[in-house]
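The values are calculated or read from the model by the stated rules, or taken from the named source; none is laboratory data. In this text, all values refer to a predicted model and were calculated from it rather than measured experimentally. Positions of Cβ are generated from backbone atoms using ideal geometry, with glycine treated the same way; all protein chains shown enter the neighbour counts. These accessible areas exclude ligands, DNA and RNA; they are computed on the full protein's heavy atoms, side chains included. Shrake-Rupley method; radii C 1.70, N 1.55, O 1.52, S 1.80 Å.
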Amino acid sequence: MSYKNTFIKISEDSEVTSAVTPVPRNNKPTIASIEFDLIRHNPYKYTEEDVQFQTYLIKNQIDSDSLDEIRKNFFQKSKACFRASPLVKKYGWGIHYDDEGKLALYDVNSEEYEQFLHSGQITLLNGMRSKRRENNTHE
């Protein structure tokens, strides 16, 4: 599922107060660092599916001439949307989908981020929470 004219806000339980650039861990790229590099350095070039597939290829060091077949197999199993991305859950980046479903990132402290919140022209969604809410009802 890919969104159009949508902005995903950082998760309500995110612990960051400003956006953080994800970095590789143990000299290996993480899902967050790959997603960040693809979207941040290519605003409005890729769709969610493009980023998911490219992330898979990079993370697993896949270099093949049969990418169409690999992509088809990759998407046979449903994927979580970017509401579950570590970029919105723990790194402080909002994700905007334009009218073609192409993505760009916005720092939670940026003017653009704030403008999306008050636009009225796009759908606003929360990033998924990192932790489950505790049940506050005690009987």
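The lysine pair tally for the chain, using Cα distances under 14 Å and a gap of 8 or more places or different chains, is 8. For Arg40, the solvent-accessible surface with a 1.4 Å probe is about 100 Å², rounded to the nearest 10. Across the chain, C-alpha contacts under 8 Å between residues 6 or more apart give a mean separation that, scaled by the residue count, equals a relative contact order of 44 percent. Of the solvent-accessible surface of the chain, computed with a 1.4 Å probe and all protein chains present, 44% belongs to carbon and sulfur.
Net charge of the neighbourhood of Tyr113, taken over other residues with C-beta under 12 Å away and scored Lys/Arg +1, Asp/Glu -1, is -3. Note down the net charge around Lys4, summing +1 for each Lys or Arg and -1 for each Asp or Glu among other residues with Cβ under 11 Å from its Cβ. Taking every Cβ under 11 Å from that of Lys4, the sum is -3. Divide by every residue of the chain the summed helix terms, -39500 (n - 2.57) for each DSSP H run of at least 4, and state the resulting mean residue ellipticity at 222 nm, rounded to the nearest 500 deg cm²/dmol. Rounded to the nearest 500, it is -8000 deg cm²/dmol.
What is the sum of charges, Lys and Arg at +1 and Asp and Glu at -1, for the other residues whose Cβ falls under 15 Å from the Cβ of Asp65? In short, -1. Which chymotrypsin sites (Phe, Trp or Tyr not before Pro) does the range 19-51 hold that lie in a coil by DSSP with at most 11 other beta carbons within 10 Å? Sites meeting the loop and neighbour criteria: none at all. Computed over the Cα atoms of the chain, pair by distinct pair, the Kirkwood hydrodynamic radius stands at 15.9 angstrom. Beta bridges assigned by DSSP with both partners in the chain are antiparallel in approximately 70 percent of cases.
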